[in-house]
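The values are calculated or read from the model by the stated rules, or taken from the named source; none is laboratory data. Only a predicted model underlies this, so the values are computations on that prediction, with no experimental measurement involved. Cβ: placed from backbone, ideal geometry, glycine included. Neighbour counts: every protein chain shown.
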Amino acid sequence: MDELKINSLKPFFLPDTETGVSGGIWFNRICFRKGENYLISASSGRGKSSLFSFIFGERTDYTGNICFDDREIGTLKKTDWQNIRKKNISCVFQGLRLFSELTALENIQLKNKITEYRSQDEIDSLIEQSGLQDKKHEKTGRLSFGQQQRIAIIRALCQPFDFILLDEPFSHLDERNIEIMSGIIAGELKRRNAGMLLCSLGYSYLFDYNEKYKI
């Protein structure tokens, strides 16, 4: 997948009287390209998480079009989505979607068993780089939200992808851990020549962006 395109996208929850703005996501035609980084900023409740749910095929309560390359996602079948979520698009949702009864390591391994993308040594290295080596056998539900965010990021990196979607991935991290996790992600993006869409409340963090949008 080389391009992720949206055209005149409008969520159902937006009033019909609202119109597009320059540099905005809704109502406009935008092309996100593989190998480039994009920041999408907005205040709470404007639809950052909804945008990613639309792109990820989990919600269809919008008008307009979303295309992967030149294929409109409304034409995709269940098996298509399974392959896309396994090979083309990875996502860290704001709610993380970790299994609280599993350990940090088990949550990561669960994804890796599906994709077979990482060796155990690579997983252990990512955990150590993230400062979680003493937490990897702890049940995730007992960890702080910031620690859970780091686990979710590592898990998202345990698959191939052309694009990674990050929904406020550093909201509970301190500056040092933001620097560490940003470095890990930036290295992965460069190695894979992948694209990144990062949603935040306005913080740009430590990435270089090709374009910045707002909601």
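Tabulated values for the structure
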read-out: Residues that are under 13 Å from Ile215 (Cβ atoms) and part of a strand (DSSP E or B), drawn from the stretch 8-49; value: Leu9, Lys10, Pro11, Gly24, Ile30, Tyr38, Leu39, Ile40, Ser41
read-out: Selected residue (only one of Gly45, Gly20 is loosely packed, with under 13 Cβ neighbours inside 10 Å and without any contact (Cβ under 8 Å) to a residue 60 or more places away in the chain); value: Gly45
read-out: Tally, over the stretch 66-90, of residues that are in a strand (DSSP E or B) and either aromatic (Phe, Trp, Tyr) or out of contact with any Lys or Arg (no Cβ under 8 Å at 6 or more places or on another chain) (or both); value: 5
read-out: Filter result (surrounded by 21 or more Cβ atoms within 10 Å (Cβ to Cβ), within 20 Å of Lys135 (Cβ to Cβ) and over 10 Å from the mean Cα position of the chain (by Cα)) within the stretch 158-172; value: Cys158, Phe170
read-out: Selection count where residues are surrounded by fewer than 21 Cβ atoms within 10 Å (Cβ to Cβ) and either touching a strand residue (DSSP E or B) at 6+ places or on another chain (Cβ under 7 Å) or under 23 Å from Ala42 (Cα atoms) (or both), scope the stretch 123-147; value: 6
read-out: Failed condition for Glu188, given (1) more than 13 Å from the chain's Cα centre (by Cα); (2) under 20 Å from Ser90 (Cα atoms); (3) outside any helix (DSSP H, G or I); (4) of a type outside the set (Val, Ile, Thr); value: (3)
read-out: Any hit, the stretch 140-157, residues being without any contact (Cβ under 8 Å) to a residue 60 or more places away in the chain, under 19 Å from Leu201 (Cα atoms), in contact with a Phe, Trp or Tyr (Cβ under 8 Å, 6 or more places away or on another chain) and in a loop (DSSP other than H, G, I, E, B); value: no
read-out: Selected residue [out of contact with any Phe, Trp or Tyr (no Cβ under 9 Å at 6 or more places or on another chain), on the phi < 0 side of the Ramachandran plot and either without any contact (Cβ under 8 Å) to a residue 40 or more places away in the chain or aromatic (Phe, Trp, Tyr) (or both)] from Phe99, Phe170; value: Phe99
read-out: Filter result for the condition that a residue is in contact with a Ser or Thr (Cβ under 8 Å, 6 or more places away or on another chain) and modelled with pLDDT of 95 or more, over Leu189, Leu165, Leu197; value: Leu165
read-out: Test result for Gly57, without any contact (Cβ under 8 Å) to a residue 40 or more places away in the chain and under 17 Å from the mean Cα position of the chain (by Cα); value: yes
read-out: Counted residues, the stretch 91-125 - those being in a helix (DSSP H, G or I) and under 12 Å from Ala152 (Cα atoms); value: 8
read-out: Candidate set: the stretch 70-81, residues that are of a type outside the set (Lys, Arg) and surrounded by fewer than 12 Cβ atoms within 10 Å (Cβ to Cβ); chosen: the one nearest to Phe32 (Cα to Cα); value: Asp70
read-out: Candidate set: the stretch 104-120, residues that are under 16 Å from Glu188 (Cα atoms) and surrounded by fewer than 19 Cβ atoms within 10 Å (Cβ to Cβ); chosen: the one nearest to the chain's Cα centre (by Cα); value: Tyr117
